[in-house]
Amino acid sequence: MEVEPPLYPVAGAAGPQGDEDRLGVPDGPEAPLDELVGAYPNYNEEEEERRYYRRKRLGVIKNVLAASAGGTLTYGVYLGLLQMQLILHYDETYREVKYGNMGLPDIDSKMLMGINVTPIAALLYTPVLIRFFGTKWMMFLAVGIYALFVSTNYWERYYTLVPSAVALGMAIVPLWASMGNYITRMSQKYYEYSHYKEQEEQGPQQRPPRGSHAPYLLVFQAIFYSFFHLSFACAQLPMIYFLNYYLYDLNHTLSNVQSCGTKSHGILTGFNKTVLHTLPRSRNLIVVESVLMAVAFLAMLLVLGLCGAAYRPTEEIDLRSVGWGNIFQLPFKHVRDFRLRHLVPFFIYSGFEVLFACTGFALGYGVCSVGLERLAYLLIAYSLGASAASFLGLLGLWLPRSVPLVAGAGLHLLLTLSLFFWAPLPRVLHHSWILYVVAALWGVGSALNKTGLSTLLGILYEDKERQDFIFTIYHWWQAVAIFVVYLGSSLPMKAKLAVLLVTLVVATTSYLLMEQKLQQGLVPRQPRIPKPQHKLRGYRYLEEDNSDESDVDGGGGEQGQGDCAEEEAPQAGTLDTEPAGPCRRPCPFEQALGGDGTEEH
């Protein structure tokens with residue numbers, strides 16, 4: 001009986017032609033190692049490199065979409081919960097039945113104070129937090145604080161609402177500053193992955209050309225703000241699908257309102273104290289808040305799981321190693337840059353116009369004339385107009401960069417002048433279409449403003465060492481503007497429109513003056529970013545030299561050698577088990593061999 005041949009050749013056994021295969025190379029234990037574990041014969045290095053960088057570019061796009069979706073869900077949940085909470089707490093019957101003499105209006109006023117006043121101190125700690133945690137982890141932490149604010153509404157008490165509102169106020173500027181920095185860094189990384197061959201020719205220490213990432217920055221900022229402005233529409237879903245079923249119609253809520261629009265004073269003077277014809281059940285409120293909490297948790301997972309790091313680990317160490325005192329001072333030192341000084345009025349106007357759209361126009365013109373039940377649809381019109389118009393920022397690919405900003409300012413100027421002379425009548429619906437058109441057009445101007453400003457900052461300040469400082473200054477001034485609007489909420493509507501108009505004119509003039517100075521070749525003064533000091537105690541830096549572009553001049557890797565600068569090289573006949581760094585203590589295995597990691601043969 002014949003033995004059947006094995007299905008597969010046995011490793012190390014002789015082939016059918018003896019000890020050599022068909023190519024004449026030994027096939028047994030004497031076979032060369034390269035033939036067994038060598039590279040794939042059809043391996044194409046250039047093709048594999050192209051595929052690698054294509055995956056990198058897709059990863060960058062994934063990061064931008066995840067950050068945009070996370071920011072949209074976070075802000076939408078926050079606005080929706082705050083809006084629903086304030087409407088419920090405004091109703092006199094709801095307060096008396098649900099909370100008795102707990103003083104809910106006083107708690108709400110302190111909560112709003114915590115949200116609007118706390119960001120004033122954000123300039124002191126935001127850069128330190130971003131450098132300490134890193135851009136991605138700062139985003140995750142801030143989104144978690146927003147989720148904490150949502151969770152405290154399960155048990156509405158002074159000791160839950162007010163502390164969470166203060167924590168939320170502290171997280172506002174760090175969140176949006178890190179978001180702006182993150183989107184700008186993604187555009188720079190996309191440029192690096194798209195032009196990797198040029199980067200290889202120039203060398204790793206060579207910076208890319210100035211403004212080379214600008215086209216990608218325009219696209220990414222348009223994507224981010226198209227998502228972000230949808231948050232105003234997402235915030236109205238609790239109103240549409242839950243709260244509107246409990247609201248009185250406009251004939252009841254507006255029964256004592258006498259004037260609207262430009263003739264109004266404060267916020268809804270004469271508005272009825274009862275807006276709910278039926279009190280919502282506690283079980284239904286818990287379901288709505290649970291849905292909002294789930295969405296906030298989903299936003300946290302998006303940022304945590306899908307957003308990649310903005311910097312490489314060595315870059316993160318470089319950014320921290322300039323010294324915490326320098327990190328604290330650098331936002332203030334950037335005031336010497338005339339470009340930032342000229343853009344400050346635009347930063348302030350950017351905060352004014354968003355809050356005016358959500359409070360001044362939506363309440364003083366919209367709710368005052370067509371009722372509270374149509375507030376959600378007004379803000380949805382604003383949201384959809386702003387989201388669609390965010391892609392108009394792509395006009396900067398073909399037009400001068402000043403065109404989107406000036407166009408948005410011009411549109412807001414026309415709308416503000418029109419609102420000066422318009423006072424809609426209360427409880428009249430035939431002019432409601434005008435409100436929706438104005439809301440959508442105001443959203444178009446807001447989109448051009450936000451997209452243009454963020455893109456401009458990313459182009460003017462493309463050094464990775466100072467981007468977080470610049471976006472911190474931008475969003476801090478926005479927070480200051482929101483605080484001013486909070487203080488002036490009781491002013492007449494004409495005073496609010498006058499402040500808005502003056503700020504807009506000053507901002508546009510100042511910006512055009514900045515562009516004129518840049519065209520004349522005036523060089524701005526920028527504070528020097530100190531070189532990283534990697535040899536300080538507490539750091540475990542992996543390389544001898546400073547990484548990336550932070551120390552192009554060299555010389556940074558020679559300091560801190562101390563007593564180990566004169567170490568002798570290992571002798572020729574020694575076994576070097578591990579490349580020892582300066583002053584490295586021998587491991588126990590090396591000590592057993594001879595105390596210094598060597599063994600004589």
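The values are calculated or read from the model by the stated rules, or taken from the named source; none is laboratory data. Here the structure is a predicted model, which is why all the values come from computation and not from measurement. So basically every Cβ, Gly included, is an ideal-geometry build from the backbone, and we count neighbours across all protein chains shown. To get the accessible areas, we keep the full protein, side chains included, count just its heavy atoms, and leave off ligands, DNA and RNA. Shrake-Rupley method; radii C 1.70, N 1.55, O 1.52, S 1.80 Å.
All conditions but one from (1) surrounded by 17 or more Cβ atoms within 10 Å (Cβ to Cβ); (2) part of a helix (DSSP H, G or I); (3) under 20 Å from the mean Cα position of the chain (by Cα) apply to Tyr311; the one that does not is (2).
Residues of region 253-261 include none that is touching a His at 6+ places or on another chain (Cβ under 9 Å) and open to solvent by less than 20 Å² (accessible area, probe 1.4 Å). Under the condition of being open to solvent by 30 Å² or more (accessible area, probe 1.4 Å) and farther than 14 Å from Thr135 by Cα, the residues counted in region 315-340 number 9.
Could you please find all residues in region 400-422 being surrounded by fewer than 21 Cβ atoms within 10 Å (Cβ to Cβ) and closer than 26 Å to Pro215 by Cα? Correct list: Pro400, Arg401, Ser402, Val403, Val406, Ala407, Gly410, Leu411.
The set of residues in region 341-374 being within 15 Å of His431 (Cα to Cα) and either in a helix (DSSP H, G or I) or open to solvent by 30 Å² or more (accessible area, probe 1.4 Å) (or both) consists of Phe361, Ala362, Gly364, Tyr365, Gly366, Val367, Cys368, Ser369, Val370, Arg374.
Picking from residues in region 386-399 that are under 15 Å from Ala440 (Cβ atoms) and surrounded by 24 or more Cβ atoms within 10 Å (Cβ to Cβ), the one that is nearest to the chain's Cα centre (by Cα) is Ser390. It is to be established whether one or more residues within region 266-273 are among the aromatic types (Phe, Trp, Tyr) and within 20 Å of the chain's Cα centre (by Cα). No.
What do you reckon, is Phe391 touching a residue at least 40 places away in the same chain (Cβ under 8 Å) and within 28 Å of Thr269 (Cβ to Cβ)? The answer is no for Phe391.
Would you be able to say whether some residue in region 299-307 is under 23 Å from Gly80 (Cβ atoms) and free of Cβ contacts under 8 Å to residues at least 60 places away in the same chain? Yes, the conditions are met somewhere in region 299-307. Checked against the criterion of being farther than 30 Å from Leu460 by Cα, assigned to a helix (DSSP H, G or I) and open to solvent by 20 Å² or more (accessible area, probe 1.4 Å), region 166-177 contains one or more residues that satisfy it. Selection of region 178-198 for residues being open to solvent by less than 40 Å² (accessible area, probe 1.4 Å) and either of a type in the set (A, V, I, L, M) or at pLDDT below 85 (or both) yields Met179, Ile183, Met186, Tyr196.
If the condition is being in contact (Cβ under 8 Å) with a residue 24 or more places away in the chain, open to solvent by 40 Å² or more (accessible area, probe 1.4 Å), over 18 Å from Tyr182 (Cα atoms) and in a helix (DSSP H, G or I), then region 209-244 contributes Leu230, Cys234, Leu237. Can you spot a residue in region 114-124 that is of a type in the set (Gly, Ala, Ser), open to solvent by 10 Å² or more (accessible area, probe 1.4 Å) and within 23 Å of Gly351 (Cβ to Cβ)? The answer is yes; a qualifying residue exists. Among Tyr99, Tyr78, which is among the aromatic types (Phe, Trp, Tyr) and crowded, with 20+ Cβ neighbours inside 10 Å? Just a single option satisfies the conditions, and that option is Tyr78.
Just one of the listed residues (Val295, Val303) is open to solvent by 30 Å² or more (accessible area, probe 1.4 Å) and either part of a helix (DSSP H, G or I) or modelled with pLDDT under 90 (or both), and it is Val295. Taking the criterion of being small (Gly, Ala, Ser) and either open to solvent by 40 Å² or more (accessible area, probe 1.4 Å) or farther than 21 Å from Asp463 by Cβ (or both), the residues of region 125-165 that qualify are Ala142, Gly144, Ala147, Ser151, Ser164, Ala165. Among the residues making up region 430-453, a single one is in a loop (DSSP other than H, G, I, E, B) and either free of Cβ contacts under 8 Å to residues at least 12 places away in the same chain or buried (at least 21 other Cβ atoms within 10 Å of the Cβ) (or both): His430.
Residues in region 100-138 that are farther than 27 Å from Tyr90 by Cα and charged (D, E, K, R): Arg131, Lys136. Restricting Lys496, Lys464 to residues that are within 30 Å of Lys189 (Cβ to Cβ) and either open to solvent by 50 Å² or more (accessible area, probe 1.4 Å) or of a type outside the set (Val, Ile, Thr) (or both) narrows the list to Lys464.
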